[in-house]
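What follows is a single structure, written as structure tokens, with notes after it.
The values are calculated or read from the model by the stated rules, or taken from the named source; none is laboratory data. None of the values given here were measured: they were computed from a predicted structure. So basically every Cβ, Gly included, is an ideal-geometry build from the backbone, and we count neighbours across all protein chains shown.
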Amino acid sequence: MKGQLSQPTSLECGRDIGPLHPSIPDFTKFLVGCGYSISSVDHRRRLITALDQWLLIKHHVDLKTFDESRIEQFLRERRKQRSAQFADPPTLRCFLKYVRDTKLVPLPSIKRAKTPVDLLQARFKEYLIDERGLKQKTQDQYLQVTRKFLLGCFKDRSILPQELGQRDVAQFVLSQVRGTSPVTGQRATTVLRSFFRFLYHRGEVRRDLAACVPAVAHWSLSPVPKYLTTEQVELLLQKCDQDDATGQRDYAILLLLARLGLRAGEVVNMVLDDIDWEAGELTVKGKGSRRDRLPIPEDIGNALVRYLQKVRPQCATRRVFIRMYAPHRGFTGPSSITVIVQQALDRAGLKPAHRGAHLLRHSLATRMLGGGASLAEIGKILRHELIKTTAIYAKVDLPGLRALAQPWPGAEA
């Protein structure tokens with residue numbers, strides 16, 4: 001019957017049952033729950049069944065030895081037989097993760113010899129946790145910078161912190177600044193200063209090299225915000241295809257960026273419980289575990305209702321915005337929102353210098369400023385903690401700045 005899974009074939013119901021056979025029905029249900037079509041689920045079930053028979057007949061493999069290497073062997077044979085399909089590798093990787101998550105297959109034992117860099121970074125990580133109290137994401141950033149610094153200084157040699165000097169520090173900072181933003185360079189210097197203080201206090205070096213880390217010039221409020229005009233923002237929104245499911249989802253996302261000035265990460269992490277329909281408010285989880293409640297404008301509310309009722313596929317995740325194609329799950333990160341903005345810019349034929357999701361946040365602030373809003377009011381909408389963060393938008397109010405400017409000495413009044 002159309003719309004139903006096909007029954008297992010005689011080959012699938014044969015006597016020889018491989019080690020994976022008990023997991024296939026549950027994995028099939030898992031695929032259905034992820035939103036795959038009936039035909040896609042059928043193909044994936046047959047693929048796992050073929051793998052099960054291959055493991056039993058040719059290799060007599062049990063679950064304890066089922067891993068990535070077995071999958072790669074199986075795929076190589078299918079390629080030789082010209083029976084491999086594009087979806088086979090990701091399907092088999094997904095199945096391996098599924099049986100590992102359900103404890104049917106043991107996790108791989110990682111036996112990696114720890115290098116001198118690993119050992120030193122392990123001690124540095126303990127320092128970041130116990131004495132600095134940094135969050136996991138910040139720890140990862142610190143360890144990434146220090147690993148790059150240490151490998152650049154010592155390459156394949158043993159790590160000898162006492163050999164580090166001012167020249168090593170200066171060369172690394174310069175390498176971080178070239179081709180990147182000053183902010184990236186500043187972050188690297190912050191990490192190095194923390195790392196050198198750690199080395200000094202632990203007795204790894206005789207002198208504190210933190211004082212040798214050069215400063216990266218980046219004057220406060222130096223850049224001018226990039227933004228779109230009101231007409232360009234409206235054009236961007238109008239070009240969303242409202243007859244297409246993906247277009248309706250993207251339209252709701254773009255409205256949140258353009259009308260409320262949400263950050264890309266805030267859109268990604270939004271869950272259904274954040275929407276209070278009775279109060280007409282949206283809870284936004286921002287930077288530093290901050291939570292703010294914002295009113296839902298009428299056009300955003302209508303777009304969200306239309307998306308949630310008619311477009312959003314049924315799935316287990318509580319994320320508001322999810323992938324339209326199986327597996328149905330939330331976006332992996334803010335970069336997914338950036339891609340949606342870039343596609344919208346292309347549809348509208350707009351070519352601004354900055355093409356990130358933050359462009360619409362800047363555009364909202366600039367439009368509010370042009371409409372007479374104060375910096376304090378803009379900062380409240382954008383949820384800035386410090387007024388100096390909002391002060392950068394004063395640069396785009398040229399008429400206001402001209403009114404405040406004093407005549408040049410010697411010029412005509």
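Could you please give the count of residues in the stretch 208-220 that are surrounded by 13 or more Cβ atoms within 10 Å (Cβ to Cβ) and modelled with pLDDT under 85?
4
Collect the residues in the stretch 136-169 that are at pLDDT below 85, of a type in the set (A, V, I, L, M, F, W, C) and surrounded by fewer than 17 Cβ atoms within 10 Å (Cβ to Cβ), keeping them in residue-number order.
Residue satisfying the conditions is Leu160 alone.
Anything in the stretch 65-86 that is among the small types (Gly, Ala, Ser) and exposed (fewer than 13 other Cβ atoms within 10 Å of the Cβ)? List them, or say none. Steps first, please.
Just the residues of the stretch 65-86 that are among the small types (Gly, Ala, Ser), to begin with: 69, 83-84.
Within the stretch 65-86, Ser69, Ser83 meet the criteria.
For the stretch 307-333, what are the residues that are assigned to a helix (DSSP H, G or I) and either among the aromatic types (Phe, Trp, Tyr) or touching a helix residue (DSSP H, G or I) at 6+ places or on another chain (Cβ under 6 Å) (or both)?
Within the stretch 307-333, Tyr307, Val311 qualify.
Which residues, counting only those in the stretch 351-377, are assigned to a loop (DSSP other than H, G, I, E, B), within 22 Å of the chain's Cα centre (by Cα) and at pLDDT 85 or above?
Passing the criteria: Arg355, Gly356, Ala357.
Of all the residues that make up the stretch 68-100, how many are more than 28 Å from the chain's Cα centre (by Cα) and not in a helix (DSSP H, G or I)? Don't jump to the end; show me each part of the working.
Just the residues of the stretch 68-100 that are more than 28 Å from the chain's Cα centre (by Cα), to begin with: 69-85.
Filter once more, so that each one left must be not in a helix (DSSP H, G or I): 81-85.
Residues that pass the stated criteria total 5.
Is it the case, given these coordinates, that Ala279 is free of Cβ contacts under 8 Å to residues at least 24 places away in the same chain, closer than 28 Å to Glu385 by Cβ and aliphatic (A, V, I, L, M)?
yes
Quick check on my filter: what residues within the stretch 179-207 are surrounded by fewer than 12 Cβ atoms within 10 Å (Cβ to Cβ) and under 18 Å from Gln144 (Cβ atoms)? Before the answer, list the steps.
At the first step, the residues of the stretch 179-207 found to be surrounded by fewer than 12 Cβ atoms within 10 Å (Cβ to Cβ) are 179, 183, 203, 206.
Those that are surrounded by fewer than 12 Cβ atoms within 10 Å (Cβ to Cβ) and under 18 Å from Gln144 (Cβ atoms): Gly179, Val183.
Give the residue that is modelled with the highest pLDDT, with candidates limited to residues of the stretch 35-64 that are surrounded by fewer than 18 Cβ atoms within 10 Å (Cβ to Cβ) and assigned to a loop (DSSP other than H, G, I, E, B).
Ser37
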